[in-house]
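**Q** My questions all concern the structure below.
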Amino acid sequence: MELGIVIALAYWGYHSGKNTIQSTLLSIGAPLLIFGFWSLFDFRKVVATPEPFRLVQELILSGLAAVAWYTAGQRSLGITLGTISIVHHVLVYILGERLLK
């Protein structure tokens, strides 16, 4: 799923730029910014119950990627990524797993 998020953000960045330089910078910068934010927090060290915070963080990031696909004109990919993200997170908890191990 992370690869889909990276590709979505890079695709959005490339198609959002007004010229080649902007497109290139956005296609590299958007994934770096989002995954930089994702790696910034180690919820296990910050809060007593980190699992809900990690869930919200992952849903926000995958939601942003789904919106990136959608707004870049790839509506079916956006809907697919959003659906996969929701199904993935539901299955994690149904199967008794955790996001943070």
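Values in this text are rule-based calculations from the coordinates and carry no lab data. Every value quoted in this text rests on a predicted model; they were computed, and no experiment measured them. Note that we place each Cβ from the backbone using ideal geometry, even for glycine, and neighbour counts take in every protein chain shown.
**Q** Quick check: the distance between the Cα centres of segment 1-63 and segment 68-94, to the nearest angstrom?
**A** Measuring centre to centre over Cα atoms gives 14 Å.
**Q** Related question: Using +1 on the beta carbon of Lys and Arg, -1 on that of Asp and Glu, and nothing else charged, what's the dipole of the chain about the Cα centre, debye to 20?
**A** 80
**Q** Same structure, new question: Would you calculate the separation in nanometres between label points at I94 and T80, each defined as 7 Å from the Cα along the Cα-to-beta-carbon direction?
**A** That separation, rounded to one decimal, is 2.1 nm.
**Q** If I fit a long axis through the Cα atoms of helix 2-16 and take the longest principal axis of the Cα atoms of the chain, what angle between them do I get, 0 to 90°, rounded to 10?
**A** With rounding to tens, the tilt is 30 degrees.
**Q** Could you give each residue of segment 29-39 its phi-based ³J(HN,Hα) in whole Hz, using Karplus coefficients 6.51, -1.76, 1.60 with θ = phi - 60°, and x for Gly or Pro?
**A** With coefficients 6.51, -1.76 and 1.60, one gets x, 4, x, 4, 5, 5, 6, x, 5, 4, 7 Hz.
**Q** Where does the chain land at 222 nm, in deg cm²/dmol rounded to the nearest 500, when only DSSP H runs of n ≥ 4 count, each adding -39500 (n - 2.57), divided by all residues? Each step should come with its number before you reach the end.
**A** On the way: 5 runs with 81 residues, N = 101.
Taking each H run of at least 4 residues, the total per residue is -26500 deg cm²/dmol.
**Q** What's the angle, to the nearest 10 degrees (0 to 90), between helix 75-94's Cα axis and the longest principal axis of the chain?
**A** Tilt relative to the chain: about 10 degrees.
**Q** Right, here's the next one. Stokes-Einstein D for segment 2-94 at 10 °C, 1.306 mPa s, Kirkwood Rh over Cα pairs, in µm²/s?
**A** On the way: Rh = 13.9 Å.
The diffusion coefficient I find is 114 µm²/s.
**Q** Could you tell me the relative contact order of segment 2-94? Use alpha-carbon pairs under 8 Å, at least six residues apart, and round to a whole percent. Write out the running numbers ahead of the final one.
**A** Details: 85 pairs, mean separation 26.0, N = 93.
This gives 28 percent for segment 2-94.
**Q** What FRET efficiency do you get for H15 and V56 if R0 is 30 Å and r is their Cβ-Cβ distance, rounded to the nearest 0.05? The partial results should precede the final answer.
**A** Numbers: r = 28 Å, r/R0 = 0.93.
Once the sixth-power term is evaluated, E becomes 0.60.
**Q** Amide H to amide H, which residues 5 or more places from A72 or on other chains are under 5 Å from it, using H placed in the peptide plane?
**A** For A72, whose amide H was placed from the backbone, there are no distant partners under 5 Å.
**Q** How do R75, R54 line up, fewest other C-beta atoms within 10 Å first?
**A** Working: R75 11, R54 18.
Ordered by Cβ neighbours within 10 Å, fewest first: R75, R54.
**Q** Ok, one more. By the scheme Lys and Arg +1, Asp and Glu -1, what is the net charge of all other residues having a beta-carbon under 15 Å from that of L40?
**A** Working: positive: R44, K45, R54; negative: D42, E58.
Its environment carries a net charge of +1.
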